[in-house]
Each structure stands twice: as C-alpha cells, then as structure tokens.
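Note sheet for the following structure.
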C-alpha cells in the first residue's frame, strides 16, 4: 500500500495540534499528496487498511477520504478503489516541499473576507444534478398543479426527522413551514403575531435583516445588550418587560459568535412564559461546529410553545436555492396558514422535491460532514495567519463554529476606517459598527473564512495587517 512507509514517519496520536483525528488524517494525506510522496494517479489504501495502519477507526478514515474527494485531491473509482487525482486543486502550502511546482489553485471568491458566502466550489453539484434529474423524470401531474401553503409534505417530514436527530427539536410536520429564507420566515410570523408599535427585543449588536423585518412590520425595536453569554434578559426586562417577542441567535450569536449557555436560555424561556411573548430563534449556521456536536435548539427546551425556530438551507447548501424553514407552535398553525395563503399561496414545489431527495438519500448529511472539516481547516489557517501577521493588532475570540469570526482591534485603528482602506486593497472586511443598534463600544471587523482557500486566507491576512498598520 502506498502509505505504509509514511506511517512510520508520523503518528496521529503523537501530534499536539489539537485537531480531531479525521482532520489530522486529512492533513497528513493532503500534505503527502502535495509533496509528491503520494504520486498523482497512485492508489491509496482501502479505508479498512488505512484504519489498521494508523490505528484509528474506519469512520475516521472515511470522513477524511470524503473530504479529500470533495476537494478533488482524491478520486473514487467504482469497483477499483480510491486514487490520487491527476489534476490537483491546490498549490503547496507555505513552507512545505517548495522544490516541486504545482498548477495554480482555482479561486473561489475574489475578495476575502466576505462573511456571508459558503464554499460554493465544494458543493457537490454533480450529485445535486443527478438527484434533480431523477426527480424530474418522476414528477407526477398533480405536482405541477400547485402545492400546500406550508410546503411539500415529504420535505417537511424530512426536516422534522433531521431537526429531531441533530438539534433535539420536538415537532410534527404540520408545524413546519417552508419559506424562501429567514427574512420571509420573519415576515410571515411577524405579520401573524405582531400589532403596530408593539415592542420586540433585538440583540445589540445583531442581524440587520432582522432589524429591517421588525421595522417593516411596524414593531418598536428594543435593543438589548449582548454580553459574553449572549443577549442579557435582565437588560431586556429593564428596557421593556412586556415585549411581544425577542429575536435571538442562541446557537451562535450574530455577529459576535458566542453560544448562549443553558442557564441563560432557560432564563429567556422563563421570561417569555411569564410575559406570554414569543422567542424568534434564528438557527442560521448552527450546523457548522468544529468542536463537538451542534448544540440543542431552544425549541426543544420549551414545552409551553413560545419558541419559533427558523433555519435555512441557503447557508448550508447554496444561496441561490432560496429554501428555508421555520417550526411554529401548534397554536400558530392556522393563523400562519391564513397569512401565507394571502401572500404567495405556496413555495415552489419542484425545488422542494429535489431538496427532499437530497436529504433523504443521505447527501445532505454527507455534505455537512465534509464542510465541517473544510471550514474547520480554514478557520485554523485564519488563526495561524493572524498569529503571524496580526499579533498585537487584533484579538480573535475562542470560537469553533460558523462561517466567520470577529477580529477585535486592540490598537487605535478604527474598524470603519480599516474597512474602507481594506476595500481599496481588494479585501471585503466588515466593521461591526454596521451591526450595532444603540451601543458604540465594539471596534472590530467581521472576517469570513468559509469561501476561501488557505492560500487566499494567508495572503488576505498579510494584506489586512498592512492596512491596519497604515501601509
């Protein structure tokens, strides 16, 4: 087997990198491919053999192989095995085996560090195309006639199954509403539960799209301070104890990135029960955690039916999909159905059917596993490059999830000035002042890493350091 000799040189268990075993194995194989130790076109060991060689589980090897196949370092040939790709997607990492020249990498995005875009080049479009073609060949006539106001029933059932397994959500398919995105979910529910000038707590800093949706619905936005644990309900009670609702991103606060602990979540739920208020739980990118499993949703902690959960496939798959979901309490099923039918009748059915097949056939879960590895590696690259080029200029919080991370400026540089200067240097950084409502004390930049290859991240950080230093 091609790697037998290499195993003697390195041991995953001897490394002190802090990476999980699948990530360590991924880096080990990737480095050997780029260095030429694993020649292009050579066959790599079967997953069982590789697991035996490294002393790890077969699942660890399968996860690493799937990620390398997704990034085009390896190719799986049915019936013959797994091989190193002839055409590699990446140049050598900095400092590794520089004597061998490889083709230049393909660019994913021209302007680092755009914070809202996933790794679109790593999406399995060939798989999606096969699923779509198969579905379209089997479309019954009745599917062309229309649809349900809440969405395609099999997709809603698949969403219930996924949320129950991955997020601890307790609901029936009748409670699931398919929408085009979080903004439409907010619009639908606010039209249903809110009267003009009623108060809604809003995270400060928070998601501008939610602020716009609240104001468009006629709500009186009440900014509630976010501390190191997320939104502080005690501050909210001091501002307005009788608010109609609260907008939250508890799994990963936007834009600061912290996870709300259980004690704080229960405090918010207790307030909502007493005030008969609704919790608008935006679960915008909870799937992308690189240290442990995704945290349970607040919806599963609240048997009283005060939580409305919102999630989106536009982040986990690709933005052009325009399919999302929300889980509403039983008491809102009829009111929301009436609102939806009056607005756009029902969401597009054929796209929902394709997405349903993508979920039920296991492609969605496989894609999430691969993206967690990819994004985790890119976040680590961003941290390493920041330690090298930005040490003393910015501080990155200890966050291990999501598609972006705040970089707090520790010197005299103003984030808004840095944003403007960085834009002229081809960098798409975003000052966190854009997400503050009332407070003005956060001087930081939001850096996206998911859409960018490691070479682009390193070069982008180097440019950003020059911008912050005024060069």
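The values are calculated or read from the model by the stated rules, or taken from the named source; none is laboratory data. Treat the numbers as computed from the prediction; the structure is a model and nothing was measured. Glycine gets a Cβ as well: all are built from the backbone with ideal geometry, and neighbour counts include every protein chain shown.
A few comments on the model shown:
- Residues located in region 354-383, provided they are more than 16 Å from residue 316 (Cα to Cα) and free of Cβ contacts under 8 Å to residues at least 40 places away in the same chain: 383
- Taken across region 302-319, residues that are in a helix (DSSP H, G or I) and free of Cβ contacts under 8 Å to residues at least 40 places away in the same chain do not occur at all.
- Identity of the residue in region 147-168, modelled with pLDDT of 95 or more and assigned to a loop (DSSP other than H, G, I, E, B), that ends up nearest to residue 216 (Cα to Cα): 150
- Residue in region 377-397 that is crowded, with 20+ Cβ neighbours inside 10 Å and under 21 Å from residue 168 (Cα atoms) present: no
- Filtering 302, 285 for residues that are more than 23 Å from the chain's Cα centre (by Cα) and closer than 29 Å to residue 255 by Cβ leaves a single hit, 302.
- Test: residue in region 245-258 that is out of contact with any helix residue (DSSP H, G or I) (no Cβ under 6 Å at 6 or more places or on another chain), over 19 Å from residue 208 (Cα atoms) and touching a residue at least 24 places away in the same chain (Cβ under 8 Å): no
- The condition (being assigned by TED's automatic domain parsing to the domain that holds residue 255, over 19 Å from the mean Cα position of the chain (by Cα) and free of Cβ contacts under 8 Å to residues at least 12 places away in the same chain) is satisfied by just one residue among 157, 142: 142.
- Any hit, region 327-341, residues being under 23 Å from the mean Cα position of the chain (by Cα) and either closer than 26 Å to residue 65 by Cα or assigned by TED's automatic domain parsing to the domain that holds residue 154 (or both): yes
- Just one residue in the set 266, 280 is assigned by TED's automatic domain parsing to the domain that holds residue 201, outside any strand (DSSP E or B) and either touching a residue at least 12 places away in the same chain (Cβ under 8 Å) or closer than 29 Å to residue 241 by Cα (or both); that residue is 266.
- Per-region count, region 404-426, residues at pLDDT 95 or above and part of a loop (DSSP other than H, G, I, E, B): 0
- Residues within region 398-414 that are free of Cβ contacts under 8 Å to residues at least 60 places away in the same chain and surrounded by 23 or more Cβ atoms within 10 Å (Cβ to Cβ), tallied: 1
- Only residues that are surrounded by fewer than 18 Cβ atoms within 10 Å (Cβ to Cβ) and in a helix (DSSP H, G or I) were counted across region 434-458, and they come to 2.
- From the options 218, 292, residue that is assigned to a loop (DSSP other than H, G, I, E, B) and closer than 30 Å to residue 369 by Cβ: 292
- Residues (part of a helix (DSSP H, G or I) and out of contact with any helix residue (DSSP H, G or I) (no Cβ under 6 Å at 6 or more places or on another chain)) located in region 221-237: 234, 235, 236, 237
- Any hit, region 338-346, residues being buried (at least 21 other Cβ atoms within 10 Å of the Cβ), at pLDDT below 95 and not in a helix (DSSP H, G or I): no
- In region 34-72, the qualifying residues are those that are in contact with a strand residue (DSSP E or B) (Cβ under 8 Å, 6 or more places away or on another chain) and crowded, with 22+ Cβ neighbours inside 10 Å, and the one that is nearest to residue 376 (Cα to Cα) is 68.
- Any hit, region 282-289, residues being in contact with a strand residue (DSSP E or B) (Cβ under 7 Å, 6 or more places away or on another chain), over 19 Å from residue 327 (Cβ atoms), buried (at least 22 other Cβ atoms within 10 Å of the Cβ) and modelled with pLDDT of 95 or more: no
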